[in-house]
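> Have a look at this one before I ask anything.
The values are calculated or read from the model by the stated rules, or taken from the named source; none is laboratory data. Please read all numbers here as calculations on a predicted model, not as lab measurements. With ideal geometry, Cβ positions are generated from the backbone for all residues, glycine too; neighbour counts draw on all protein chains shown. Heavy atoms of the whole protein, side chains included, go into the accessibility calculation; ligands, DNA and RNA do not. Shrake-Rupley method; radii C 1.70, N 1.55, O 1.52, S 1.80 Å.
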Amino acid sequence: MLSGIQPTSGSFHLGNYLGAVRQWVDLQEANDAFYMVVDLHAITVPQDPKLLRENTRVSAAQLLGAGLDPEHCTLFVQSHVPEHAQLGWVMNCLTGFGEAARMTQFKDKSAKQGADSTTVGLFTYPILQIADILLYQADAVPVGEDQRQHVEITRDVAERFNTRYSPTFTVPKPYILKETAKIQDLQDPAVKMSKSASSPKGLVSLLDEPKVSAKKFKSAVTDTGTVVSYDEEEKPGVSNLLRIHSALSGQSVEQLVAHFEGKMYGALKTELAELFTEWVTPFQERTRTFLDDPAELDRVLAVGAEKARAVASQTLETVYDRIGFLPAA
Ligand code: ATP
Ligand code: MG
């Protein structure tokens, strides 16, 4: 298993947790799992240096607060393992320009930013991500739906390398849970909740005061109907709230629809706000204990980086050899 999360804002959001991080926790014991805070990816858009450093620690603390256990997985910071950038270059040279230009996330983000403020790094970030995944010979990549296309391109490039040189890379599959793959923005249920694109009211930040998030659930955009039912086309807002409730409560959407029969949207929102508060309060407490001891946090990350490098450097050495680079004497 391999996956990563950007330290672009201090707090993760509920989509990050339900779509990705929760699976990381569930998968860490039965698998050889590598999880990282992807600071190299974060600088595809401008970052304040002081904040980036702080947000990297805050991200790692949230991963531990969510339940990652360094005894059961390898947790590290991407820039601590230089092989990512090194293999990234090789992958740049194996990926077609047109192939990269088809990435819909790049098209969306660059359209929003405009050509002059879009970096080449944003364009090639999915290719760095190919290197991230292949360095660890990952079989599966637990991510949200928005990353499916990036795992697909990873498969294509891995197969290309294996054919052109010799079998070298495991060809990875996306690991995406349908129910939580795409948590929508609370104010605009047509689009995914996003660190970079959501408005504050649409975004449930895990480190906000639970009261603030409760308010956001209560003012979530729904529709003019009154019956709580699941219909992604006609009722995207209500369906999103039902999916979040189901993920947090463990009840199926069918059970919830029956439970809310005869009740209005307000009842669903209130219950959801309570459920979220119940989950997020201990999460915040655990995260805070890791933040209160930055020396220990840095130690955990240093151990993780060393474990990651041991694997990554071997893969890179094999790749350099297969490509025909002259070994350093
Ligand atoms: P940005 O908008 O800047 O890309 P992000 O919100 O997508 O930020 P990332 O750090 O890029 O956050 O993604 C971390 C993980 O969270 C990825 O696996 C991604 O697929 C997943 N993810 C992000 N948003 C959602 C969402 N709304 N629903 C489910 N999973 C999500
Ligand atoms: Mg993203």
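> Could you tell me whether segment 65-74 includes any residue that is assigned to a helix (DSSP H, G or I) and closer than 11 Å to Leu128 by Cβ?
Keep residues of segment 65-74 that are assigned to a helix (DSSP H, G or I), which gives 65-66.
Those still in the list that are closer than 11 Å to Leu128 by Cβ too: none.
Checked segment 65-74: no residue is assigned to a helix (DSSP H, G or I) and closer than 11 Å to Leu128 by Cβ.
> In addition: Give the residues of segment 1-56 that are within 12 Å of the chain's Cα centre (by Cα) and among the basic types (Lys, Arg), sorted by residue number.
Once the filter is applied, which keeps residues that are within 12 Å of the chain's Cα centre (by Cα) and among the basic types (Lys, Arg), segment 1-56 yields only Arg22.
Here is a yes/no grid of residues against (1) more than 15 Å from ligand 2 (Cβ to nearest atom); (2) in a helix (DSSP H, G or I); (3) touching a Phe, Trp or Tyr at 6+ places or on another chain (Cβ under 7 Å):
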| site | (1), (2), (3) |
| --- | --- |
| Phe106 | no, yes, yes |
| Asp116 | yes, yes, no |
| Gly121 | no, yes, no |
| Leu134 | yes, yes, yes |
| Phe161 | yes, yes, yes |
| Thr170 | yes, no, no |
| Ala190 | yes, no, no |
| Lys201 | yes, yes, no |
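> In segment 139-159, what count of residues is obtained for those that are part of a loop (DSSP other than H, G, I, E, B) and either more than 16 Å from the chain's Cα centre (by Cα) or free of Cβ contacts under 8 Å to residues at least 24 places away in the same chain (or both)? Outline the logic, then answer.
Taking segment 139-159 as the starting set, the residues that turn out to be part of a loop (DSSP other than H, G, I, E, B) are 139, 143-144.
Of the ones still in play, those that are also either more than 16 Å from the chain's Cα centre (by Cα) or free of Cβ contacts under 8 Å to residues at least 24 places away in the same chain (or both) are 139.
Matching residues across segment 139-159 total 1.
> Can you tell me how many residues within segment 19-32 are crowded, with 23+ Cβ neighbours inside 10 Å and closer than 17 Å to Lys307 by Cβ?
Number satisfying all stated conditions: 1.
> Find the residue count for segment 29-50, including only residues that are more than 16 Å from ligand 2 (Cβ to nearest atom) and either closer than 21 Å to Tyr136 by Cα or in contact (Cβ under 8 Å) with a residue 12 or more places away in the chain (or both). Reasoning before the result, please.
Residues of segment 29-50 that are more than 16 Å from ligand 2 (Cβ to nearest atom), as a first pass: 29-34, 46, 48-50.
Within this subset, residues satisfying the condition of being either closer than 21 Å to Tyr136 by Cα or in contact (Cβ under 8 Å) with a residue 12 or more places away in the chain (or both) are 29-34.
So the answer is 6.
> Here's another thing I want to ask about it. Based on what the data block shows, is Ala60 of a type in the set (A, V, I, L, M) and crowded, with 21+ Cβ neighbours inside 10 Å? Steps first, please.
Details: of a type in the set (A, V, I, L, M): yes; crowded, with 21+ Cβ neighbours inside 10 Å: yes.
Taking the combined requirement at face value, the residue satisfies it.
> Next up: Just give me the residues in segment 193-222 being of a type outside the set (S, T, N, Q), crowded, with 20+ Cβ neighbours inside 10 Å and near ligand 1 (Cβ under 9 Å from one of its atoms), in sequence order.
Met193, Leu203, listed by residue number.
> Collect the residues in segment 184-200 that are in contact with a helix residue (DSSP H, G or I) (Cβ under 8 Å, 6 or more places away or on another chain) and touching a residue at least 24 places away in the same chain (Cβ under 8 Å), keeping them in residue-number order. Even if it seems obvious, please write down each step before you answer.
Within segment 184-200, the subset in contact with a helix residue (DSSP H, G or I) (Cβ under 8 Å, 6 or more places away or on another chain) is 184-190, 192-197.
If the condition is that a residue be in contact with a helix residue (DSSP H, G or I) (Cβ under 8 Å, 6 or more places away or on another chain) and touching a residue at least 24 places away in the same chain (Cβ under 8 Å), then Gln184, Leu186, Gln187, Asp188, Pro189, Ala190, Lys192, Met193, Ser194, Lys195, Ser196, Ala197 are the ones that fit.
> Within segment 232-245, is even one residue more than 16 Å from ligand 1 (Cβ to nearest atom) and surrounded by 15 or more Cβ atoms within 10 Å (Cβ to Cβ)?
Step one: list which residues in segment 232-245 are more than 16 Å from ligand 1 (Cβ to nearest atom), which gives 233-235, 238.
Subset that is surrounded by 15 or more Cβ atoms within 10 Å (Cβ to Cβ): 235, 238.
Yes: segment 232-245 contains one or more residues that are more than 16 Å from ligand 1 (Cβ to nearest atom) and surrounded by 15 or more Cβ atoms within 10 Å (Cβ to Cβ).
> Go through segment 279-293 and give me each residue that's surrounded by 12 or more Cβ atoms within 10 Å (Cβ to Cβ) and either touching a residue at least 12 places away in the same chain (Cβ under 8 Å) or assigned to a helix (DSSP H, G or I) (or both). First the steps, then the outcome.
Step one: of segment 279-293, the residues surrounded by 12 or more Cβ atoms within 10 Å (Cβ to Cβ) are 279-280, 283-284, 286-291, 293.
Scanning segment 279-293 gives Trp279, Val280, Phe283, Gln284, Arg286, Thr287, Arg288, Thr289, Phe290, Leu291.
> Considering Ser166, Ser117, Ser110, which residue is touching a residue at least 24 places away in the same chain (Cβ under 8 Å) and either open to solvent by 10 Å² or more (accessible area, probe 1.4 Å) or aromatic (Phe, Trp, Tyr) (or both)? Full working, then the answer.
On the way: Ser117 fails: touching a residue at least 24 places away in the same chain (Cβ under 8 Å); Ser110 fails: touching a residue at least 24 places away in the same chain (Cβ under 8 Å).
Criteria check complete, one pass: Ser166.
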